[in-house]
Amino acid sequence: ETGVTQSPTHLIKTRGQQVTLRCSSQSGHNTVSWYQQALGQGPQFIFQYYREEENGRGNFPPRFSGLQFPNYSSELNVNALELDDSALYLCASSSKASGLGEQYFGPGTRLTVT
Amino acid sequence: DAKTTQPNSMESNEEEPVHLPCNHSTISGTDYIHWYRQLPSQGPEYVIHGLTSNVNNRMASLAIAEDRKSSTLILHRATLRDAAVYYCILRDNNQGGKLIFGQGTELSVKP
């Protein structure tokens, strides 16, 4: 069974640019959630996708957007990057059918905005 | 969103038990108590969760106060690999998949 994978591992972008981060969910999981973790802080919920539809969103501006594909993999897109977007971006997969079951996190993508 | 309060850091000796406290005085009747931990340079991993009764699994035990306003994660014999940030999270079934992380407790384990 393959766990949650994310790409790339690290990324450096310039303020104002756009970035796409990718996540492959664990086999059998149909739900993907994205989190932003600033240095020294706990992860903050960005949004969740279930069966290719956004299913809940945290307090993030519209320039944070996402997609989920038929194979349940997902992308996080951030437009007009700001310095404060520098963070570790985590995705987590789960099975909707498991209700409050555990979420499985990937290792994250470290984004640096200069 | 209900909030939790945890100590910023704790220390333990290897092979000794560790009790990690969490206060959640505003917990609602439908909130489950979840614990996740984050090892250095990794994503968080699930540890345990419960509603009212104490819970045990291969990783840890969760002791929940009778009034549910506090809980304690118990690692029975700490190992060096248990050094991590431990997050206590309240999760409402109506919130779907959202996990609301606080600052967590950074646990260090001394050999």
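What to note about this one:
- √(5λ) per eigenvalue of the Cα gyration tensor, chain B, largest first, Å: 23, 15, 12
- Note on B:His76 and A:Glu52: the model spin-label points, each 7 Å out from Cα along the C-beta direction, lie 4.7 nm apart.
- For region B:8-46, the residues whose backbone nitrogen is under 12 Å from a point 7 Å from the Cα of B:Ala65, taken along Cα to Cβ, are B:21-27.
- Evaluated over the Cα positions of the protein assembly as shown, the convex hull gives a direction-averaged projected area, one quarter of its surface, of 12.3 nm².
- Chain lengthening between A:Ser95 and A:Thr112 when straightened (0.36 nm per residue, less Cα-Cα): 3.0 nm
- Here each label is just a point 7 Å from Cα along the line to Cβ, and for B:Lys110 and A:Ser27 those points are 4.5 nm apart.
- Length-normalised contact order for region B:15-71 - Cα pairs under 8 Å, 6+ apart - percent: 33
- Under 16 Å from B:Lys110, Cα to Cα: aspartates and glutamates that are on another chain or at least 8 residues apart: B:Glu11, B:Glu14, B:Glu15, B:Glu16, B:Asp82
- Each label was represented as a point 7 Å from its Cα along the Cα-to-Cβ direction; for B:Glu11 and A:Ser7 these points are 4.4 nm apart.
- From phi via Karplus (6.51, -1.76, 1.60), per-residue ³J(HN,Hα) for region A:28-38 in Hz, x at Gly/Pro: x, 9, 10, 10, 10, 10, 10, 9, 10, 10, 6
- Under DSSP loop assignment and at most 14 Cβ neighbours within 10 Å, longest GluC sites (Glu not before Pro)-free interval of chain B: B:16-65
- Relative contact order [Cα under 8 Å, 6+ residues apart], region A:1-49, whole percent: 31
- Relative contact order of region B:27-104, pairs being alpha-carbon contacts under 8 Å that are 6 or more residues apart, as %: 31
Values in this text are rule-based calculations from the coordinates and carry no lab data. All values derive from a computational prediction rather than experimental measurement. FYI the Cβ positions are ideal-geometry reconstructions off the backbone, even for glycines, and counts take in every protein chain you see.
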